[in-house]
Amino acid sequence: MLKEAKTQLDAAFKYAEIDSESWEKLQYPQRTIQCSLPMRHDDGTLKVYKAFRCQYDSTLGPCKGGIRFHPNVDRDHCEALAFWMTFKCAAVKIPFGGAKGGIRIDAKTLSHRELERISKAYIDAFADVIGPDIDIPAPDMATDERVMGWMYSEYRKIKGGHPKDCITGKPTALGGIEGRNSATGYGGFYILETLLNDYYDKINVNIKDKSIALQGFGKVGTWFADIAYRNGYKIVAVSNEFDGVYDPKGLNIDTVLRSQNASGGKEWGCGSRITNDELLALPVDILVPAAIENVITAKNVNDIKAKMVFELANGPTTNEADAILNDKKIFVVPDILANAGGVVVSYFEWVQNRGGIVKTLDEVNLDLNRVMTYATNKVMERFMEHSIPLRTATYALALKRIGMANECLGNKGYFRSRQ
Ligand code: NAD
């Protein structure tokens, strides 16, 4: 995964104005720590789980990234996700480096108490390599504010005091911020609106009726659907890991949300059933992958009829498919820009915890909109200057910012050379 992710960076190098030494440093993660976590299960048995934390680059500030509980978690996964976090933070000008961590475990099989034990075990193992000025974890797949609350509790026990800024995505009762749950979906929507309202003639996307097909109806997808629906977009299809629902006239998202919540994700309450493969091939204006990695591949890319792919998931498009989308003039809004709203509001939470201030929900959303709009404007400047894919433009901007910071740190030594 990391090798594939780094290929995206290569295309941006010549537009980034970054010196060769800063570039070389970014080819490798700063450090990846692996630990073994022994955990006693409710039935008395002891099992040992593999856990990881990768801190990819900390040039811009303390590292930032989620903790994922998933059976696929391994070193490569964490390094690739930490790599994306590095460039995401830089692209939206948040003073954080990139990290990611996780435990190789299936959280669905754990009881409430087992989940609490393994969450605290993670902090026991990594407490000395994380912290408010070093690396600030957050939720990711299968971890949520409840898990962050347990992790904060364990960190506080080990370090003493009330270091609320050690972790973000906490419950509001423990210093979490309003609006964190909706941040990634809303942040994506603010970018989409900026592109369609301010750059419509530049991005060359012929939008007919603002129709959307959305894959993934979880934390990110539901909030994106909610705000897009309320602002007049026509969401014709949504899906989850089981299947999806389609109505060419547009779905009532309130009905879909109610049915999904009541049925544990099994019922949709309206429209007709479709598969995830069918959803990806629908004739819509905007296709929004908001589920998992590698769903748009060389195999299915030629079926895609959308005019824009808006990547709310991390890494939903393989490099091969991305090149084909570009050839077909399908406009791709890359993950490191499209889904950065979550880390932006995490940054607000960290600032709130350090400053002892509390932002209201309206303030959070206004500030999020401001940051996402500014980021979009900056990326679009590069896009228009060089006529390059938006992904390349976003990486180029992020690379330039990291390179400049590295230069200001003065740690490149005597042999500096400009490209
Ligand atoms: P989630 O677990 O809440 O939701 C994932 C959704 O995808 C669920 O509806 C699930 O049923 C569906 N899904 C899972 N496997 C699928 C499959 N094979 N086919 C179709 N649908 C499938 O996760 P989330 O937090 O919403 O994250 C979704 C994506 O967004 C991930 O790629 C994540 O890394 C990325 N992301 C999340 C955040 C955040 O703030 N949560 C921030 C940035 C990026």
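FYI, it's all coordinate maths here, none of it is from the lab. Note that the coordinates shown come from a computational prediction; the quantities given were computed from them, not determined experimentally. In this analysis, Cβ positions are derived from the backbone assuming ideal geometry, glycine residues included, and neighbour counts consider all displayed protein chains.
Full extension of the chain between GLU267 and ASP128 yields a length gain of 45.5 nm, computed as 0.36 nm times the residue separation minus the alpha carbon distance. For segment 184-275, a Kirkwood hydrodynamic radius built from all Cα pairs, placed in the Stokes-Einstein relation at 4 °C and 1.567 mPa s, yields a translational diffusion coefficient of 95 µm²/s. Each Lys or Arg adds one and each Asp or Glu subtracts one; over the other residues with Cβ under 13 Å from the Cβ of GLN260, this totals -2.
Projected over every direction and averaged, the convex hull enclosing the alpha-carbon atoms of the chain yields 20.2 nm². In this structure, the amide hydrogen of GLY66, modeled 1.01 Å from its nitrogen in the peptide plane, lies closer than 5 angstrom to those of GLY101, ALA138, counting only residues at least 5 positions away or on a different chain. Comparing LEU214, LEU26, LEU361 in a Gaussian network model of the chain, where Cα atoms under 10 Å apart are tied by springs, the biggest mean-square fluctuation is seen for LEU361. In terms of Cα atoms, the Rg and Dmax of segment 266-340 work out to 12.4, 38 Å.
Just checking the listed ones, SER211, SER22, SER259: in the Gaussian network model of the chain with Cα springs under 10 Å, the one fluctuating most is SER259. Normalised by 2.2 N^0.38 Å, where N is the number of residues, the C-alpha radius of gyration of segment 19-76 stands at 1.56. Near ILE207: Cβ cut-off under 13 Å, other residues only, Lys/Arg at +1 and Asp/Glu at -1. The net charge is 0.
Cα centroid separation, segment 76-127 to segment 343-386: 22 Å.
Cβ screening of the chain for cysteine pairs under 4.7 Å finds these without a partner: CYS35, CYS63, CYS89, CYS166, CYS270, CYS408. The GNM of the chain, with springs linking C-alpha atoms under 10 angstrom apart, assigns the highest mean-square fluctuation among ILE105, ILE167, ILE296 to ILE105. DSSP beta bridges confined to the chain are antiparallel in about 45 percent of cases. Along the axis of the charge dipole computed for the chain (Cβ charges of +1 for Lys and Arg, -1 for Asp and Glu, origin at the Cα centre), the listed residues ALA125, GLN215, TYR200 are led at the positive end by ALA125.
A cut-off under 13 angstrom between Cβ atoms defines the neighbours of PRO334, and their net charge, with Lys, Arg +1 and Asp, Glu -1, is 0. Directionally averaged projected area (segment 1-136, Cα convex hull): 8.7 nm². How large is the translational diffusion coefficient of segment 253-292 in µm² per second when you combine the Kirkwood radius over alpha carbon pairs with Stokes-Einstein at 25 °C and 0.890 mPa s? Using the Kirkwood radius from Cα pairs, D works out to 212 µm²/s.
So what does the Cα-only Debye profile of segment 83-219 read at q = 0.16, 0.19, 0.22 Å⁻¹, as log10 I(q)/I(0), no solvent term? With one equal scatterer per Cα and no solvent, log10 I(q)/I(0) is -0.95, -1.21, -1.48. Distance between the 7 Å Cα→Cβ label points at ASN326 and LYS249: 4.2 nm.
With both labels modelled 7 Å from their Cα along Cα-to-Cβ, the ILE158 to ASN377 distance reads 4.2 nm.
Just how far, in whole angstrom, is segment 178-206 from segment 6-32 if you go by their alpha carbon centroids? Segment 6-32 and segment 178-206 have Cα centres spaced 27 Å from each other. Under the membrane-span-like helix rule (DSSP H runs whose alpha carbons stretch at least 27 Å along the helix axis, mean Kyte-Doolittle hydropathy -1.0 or higher), the chain yields 361-386, 390-409.
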